[in-house]
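What follows is a single structure, written as structure tokens, with notes after it.
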């Protein structure tokens, strides 16, 4: 049979064969890919609802005032103890000087009271000696009165002499009582002065506390980095007035490490446990795998922590698969994790537990 009578030309046969081979190869590739996918689905739990997280903390001022210096730029890396900004401390220094003067005044008052205690004690001793003298004088007058009374009874002394001796006895008695009262009053003054000294000592402690607080306020005017970190957004300018508690900037803590929060479906959690290894791949660096370890599983779904959690008892109920946040700590070396940024999207895969793992 000639080629003119053949319904298929050689070109058509070649095209048919090539197409068959290509289809076979594509089918084989799809079959292999399907097997690998099914194997991964069988062995791994995966999610693309995940993000890289870091501690992002605000830098706040503990005192108010005008900003004198700003010593950092946005996105700058700083070390622990580096000065970030300085607030004008003139007013706080004046308050510190005033507190120092008031403390010195309180200490001087305590010294005066100590001196008064010594003076009152000496005065009390003098009054005590006066009591002994008055007591001796009273005893003498009592003896003199008794003697004149006997003489008067035998008519050896006149009525006038007896009255003079009796008057002297009464004066001696009054002097003795006065000396006793003066001694008691001097002792009361000593006790009062000692009480005032306790009050002055308490006032000194209060002034010391005030001075310590003023020194703290002066120290708070210099804001330093609390740890090794990277600066974020800056919202201030030199000369700006800030209030206590105002946010001045944001810092990213580089010492606390990085982690990934992966939101797995509730149907996937049965194959996960704390300490299990995970693989993380970010959208920013496709093909690069980062190692992680499950640190904790959230005690509730993400919707339960929302501002308005859903209430299935109201209205029509539509069942929706919920997601549970899983915290995965990245365990690679810090130098390898330095390229990751908070908020990056990530894909997480975790190997399912088999019977031997349970």
Given the structure, is residue 274 free of Cβ contacts under 8 Å to residues at least 40 places away in the same chain, over 28 Å from residue 91 (Cα atoms) and in contact with a strand residue (DSSP E or B) (Cβ under 8 Å, 6 or more places away or on another chain)? yes
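Each row is one residue, and each column tells you yes or no for (1) under 37 Å from the mean Cα position of the chain (by Cα); (2) at pLDDT 75 or above.
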site	(1), (2)
92	yes, yes
105	yes, yes
110	yes, yes
145	no, no
148	no, no
156	no, no
168	no, yes
In the stretch 152-163, anything part of a helix (DSSP H, G or I) and either surrounded by 13 or more Cβ atoms within 10 Å (Cβ to Cβ) or not assigned by TED's automatic domain parsing to the domain that holds residue 139 (or both) is listed as 152, 161, 162
Would you say residue 149 is outside the structural domain of residue 62 (by TED's automatic domain parsing), in contact with a helix residue (DSSP H, G or I) (Cβ under 8 Å, 6 or more places away or on another chain) and surrounded by 16 or more Cβ atoms within 10 Å (Cβ to Cβ)? no
Among (1) farther than 16 Å from residue 341 by Cβ; (2) part of a strand (DSSP E or B), which single condition is residue 261 missing? (1)
Residue by residue through the stretch 292-326, note down the ones that are farther than 21 Å from residue 270 by Cα and either more than 33 Å from the chain's Cα centre (by Cα) or surrounded by 15 or more Cβ atoms within 10 Å (Cβ to Cβ) (or both). 310, 311, 312, 313, 314, 315, 316, 317, 318
Does the stretch 219-230 include one or more residues that are touching a residue at least 40 places away in the same chain (Cβ under 8 Å), in the same structural domain as residue 64 (by TED's automatic domain parsing), under 16 Å from residue 70 (Cα atoms) and over 18 Å from the mean Cα position of the chain (by Cα)? yes
Of the residues that make up the stretch 310-323, is at least one touching a helix residue (DSSP H, G or I) at 6+ places or on another chain (Cβ under 9 Å) and either in contact (Cβ under 8 Å) with a residue 60 or more places away in the chain or in a strand (DSSP E or B) (or both)? yes
Can you find even one residue in the stretch 346-355 that is surrounded by fewer than 10 Cβ atoms within 10 Å (Cβ to Cβ) and either under 18 Å from residue 277 (Cα atoms) or at pLDDT 80 or above (or both)? yes
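Let's see how each residue does on (1) touching a strand residue (DSSP E or B) at 6+ places or on another chain (Cβ under 6 Å); (2) modelled with pLDDT of 90 or more; (3) outside any strand (DSSP E or B):
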residue	(1), (2), (3)
22	no, no, yes
29	no, no, yes
40	no, no, yes
66	yes, yes, no
69	yes, yes, no
84	yes, yes, no
95	no, yes, yes
98	no, yes, yes
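Taking residue 261 as the residue in question, decide whether it is touching a strand residue (DSSP E or B) at 6+ places or on another chain (Cβ under 7 Å), surrounded by 13 or more Cβ atoms within 10 Å (Cβ to Cβ) and under 12 Å from residue 330 (Cβ atoms).
yes
The values are calculated or read from the model by the stated rules, or taken from the named source; none is laboratory data. Please read all numbers here as calculations on a predicted model, not as lab measurements. Ideal geometry is used to build each Cβ from the backbone, glycine not excepted, and the neighbour counts take in all protein chains shown.
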